[in-house]
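Structure first, then comments.
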Amino acid sequence: MLNNVGPLKEETRERVLQAAAAVGYVPNALAQQFARRKSGNIGVILPFMPKVRLFSTYYFSEILSGIGETAKRCGYDLLLIFREQDGARDYANLFRTQKIDACVVLGSQDVPEERAALAELKAGDYPFCLVNQRYDEAAYATVDADHVSGSMEAVRHLLEQGCRSIAFINGPLQYSNSTDRLEGYKKALGKADIRYDQELVYVGNYSRKSGYELAERLALHIKSGSVDAIFAANDRMAIGLMQGLRESGLEAGKQYAMVGYDDSDGSSIISPQLTTVAVPFYEMGKLAAARLLDHTHTSEDEDTADSLLPVQLVIRETSIYE
């Protein structure tokens, strides 16, 4: 009754409220949530990646900070749920067991298990939002950045520096942002009448190590003159690649030009400083949570609308030849 749940005569309600006030009763928050069938939690589904310090990575820390700010403002707590690569993906059960009231999905991949889990959420009319992942044929609420234009801007900048053989280090194509970056890379080359060469496209896994491991192969191309610039799909791979190329006697901004992506903290700390594309991950997290929790937030296309945030090229030392 103190939660205003269930039918009750007004006279009885008033007597109970007066008695509660007389003894100084304070309602238990957990009991209130249970009575209202609400958990007070917004779930954040994250990939479990062994040996990866997830919370120290710029991408996840920025998005989580944005989600957390909006959750706090709206009176919610965060519940982090780690999704193992080969484990069950019963996201709907989190709602059925009243662990969460809404959820944000990070690191979603275009694989059958993930598609099935998201389709179940949609069929059950559970509130959820994807961040930095898109399924074009499915009407899911999504917050993303304009990675096509970001990649085009990065490659266009390298072309303006006189580069003509631009290698591309992409991430796995299970991520829509990887396919977007590849599309932008192709479009920028096409506008410059440069033929797209599949041999100049490499794939890492967005880790620094995967960039480093490509250095030996790319060093040969740079020294032979068949590659004069590199565009990496995130800063971690770019920094790892720069480290490996330096061990081969090649320095960004001297023997080759380099552009990364994300504008992570490391991009401005390393030497030479990394030219990159700034992505508003913090704002993406805030917006995703607001679409689920903030009832004052509205969207022109209601809950299934895509929110596409702009990105910006940040020019530093690695793309400017001395």
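Readers should treat all values here as calculations from the given coordinates under stated rules, not as data from a laboratory. A quick note: this is a predicted structure, and the numbers were derived from the prediction, not measured. Neighbour counts are summed over all protein chains in view; Cβ atoms, including those assigned to glycine, are modelled from backbone coordinates with ideal geometry.
Using a simple spin-label model with pseudo-atoms 7 Å out from Cα toward Cβ, K72 and R53 lie 2.3 nm apart. Peptides 287-294, 236-243, 162-169 ranked from most to least packed by the mean count of surrounding Cβ atoms within 10 Å: 236-243, 287-294, 162-169.
Applying the Karplus relation 6.51 cos²θ - 1.76 cosθ + 1.60 with θ = phi - 60° to region 202-215 yields 3J(HN,Hα) values of 10, 10, x, 10, 6, 9, 5, 4, 5, x, 4, 5, 8, 4 Hz, where x marks Gly and Pro. For G204, the shell of other residues with beta-carbons less than 13 Å away shows a net charge of +3, using +1 for Lys and Arg and -1 for Asp and Glu. Rounded, prolate or oblate for region 153-239? Axes are the square roots of the Cα gyration tensor eigenvalues, ordered a ≥ b ≥ c, and the cut-off for rounded is a/c under 1.5. Because a/c hits 1.5 or more and a/b fails to exceed b/c, region 153-239 counts as oblate.
Our note on the geometry: Cα centres of region 252-266 and region 159-209, 14 Å apart.
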